[in-house]
Amino acid sequence: MKICSICKKISGTDEDHLHCQEKLRIETEADDFKKNITEKLDFMKNADNVSSDIKALMGHMSREKNKES
């Protein structure tokens, strides 16, 4: 038995809980996606090809990224 390093609860095995590992992996991927989405889409160069709702979403995400920095 061991304490899970992610949720700090007792684990029945000698490893972290599988669901804790998956949750951490998904959260990390989501953070990476948020940070890289504006660069991947490069929407500032092709602003005419993007609909207004996507522009609003991308603007919000880039402001959030700038606020974190």
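Read-outs throughout are calculated quantities, based only on the coordinates presented, and are distinct from any laboratory measurement. Every value quoted in this text rests on a predicted model; they were computed, and no experiment measured them. Virtual Cβ from ideal backbone geometry, glycine too; neighbours counted across all protein chains shown.
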Task: Gain in span if fully extended, residue 9 to residue 21, counting 0.36 nm per residue against the direct Cα distance - done: 3.0 nm
Task: Per-pair calculated FRET efficiency, R0 = 30 Å: residue 33 and residue 55 via Cβ, rounded to 0.05 - done: 0.95
Task: Magnitude of the charge dipole, segment 1-43, Cβ model with Lys/Arg +1 and Asp/Glu -1, debye to 20 - done: 220 debye
